[in-house]
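A quick write-up on the structure given underneath.
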Ligand SMILES: [Zn+2]
Ligand SMILES: [Zn+2]
């Protein structure tokens, strides 16, 4: 059986692609646009035009299917939608329950991405790429990892702080990922162990 400690990510950056597998990168090419003007568009490597950006920019937490389907077409997001979560860590989070998770997510987003992208010299590097933290995984999967990704995936201005509404919306997206991956399909063995407590 595979050991959780051995989960390793392939060498990847935000602009990696596997276009032949329909996994692209929709961030505008470096130098083409100012970050403030980033918009979702075609794949920067192969020009595939496979995302309906008007629908993606709808910001409707009751209909995340369209957004999530589009996110999965970007290689880096796809990886975090399909990554095997660290079982020990997931189990502990599962025990904490949904309500606590939601609070943790809100706090994490507030501290990591609520400031204007201009204010943070760390922007783009504040969310580690690791399977050991489900919130980090969720942030990469939902493009709430940094203000550059938020700019082109969620059409939220880069050079000002997030509003409370925006923060609530992005928290909702991260929570939806956690629900799908953790609470709707708990890590193996979870139910069994809980029944003894
Ligand atoms: Zn491509
Ligand atoms: Zn990012």
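The values are calculated or read from the model by the stated rules, or taken from the named source; none is laboratory data. All figures in this text were calculated on a predicted structure; none of them were measured in a lab. Please note: Cβ atoms are built from the backbone with ideal geometry, for glycine as well, and neighbour counts cover all protein chains shown.
Some observations on this one:
- Selection from region 16-71 of residues that are more than 18 Å from the chain's Cα centre (by Cα), near ligand 1 (Cβ under 10 Å from one of its atoms) and closer than 21 Å to residue 166 by Cβ: none
- Identity of the residue in region 113-126, at pLDDT 95 or above and assigned to a loop (DSSP other than H, G, I, E, B), that ends up surrounded by the fewest Cβ atoms within 10 Å (Cβ to Cβ): 116
- Scanning region 36-56 for residues that are in a helix (DSSP H, G or I) and surrounded by fewer than 15 Cβ atoms within 10 Å (Cβ to Cβ) yields 36, 37, 54, 55.
- Pairs with Cβ under 9 Å, 6+ apart, first in region 145-165 and farther than 21 Å from residue 79 by Cβ, second within 13 Å of ligand 2 (Cβ to nearest atom) and part of a loop (DSSP other than H, G, I, E, B): 158/38; 158/123; 162/156; 163/156
- Only listed residue being buried (at least 19 other Cβ atoms within 10 Å of the Cβ), touching a helix residue (DSSP H, G or I) at 6+ places or on another chain (Cβ under 7 Å) and on the phi > 0 side of the Ramachandran plot, chosen from 138, 143: 143
- First in region 44-62 and under 19 Å from residue 176 (Cβ atoms), second anywhere and more than 16 Å from ligand 2 (Cβ to nearest atom) and not in a loop (DSSP other than H, G, I, E, B), Cβ under 8 Å, 6 or more apart: 55/66; 56/66; 58/66; 59/169; 61/169; 61/172; 61/176
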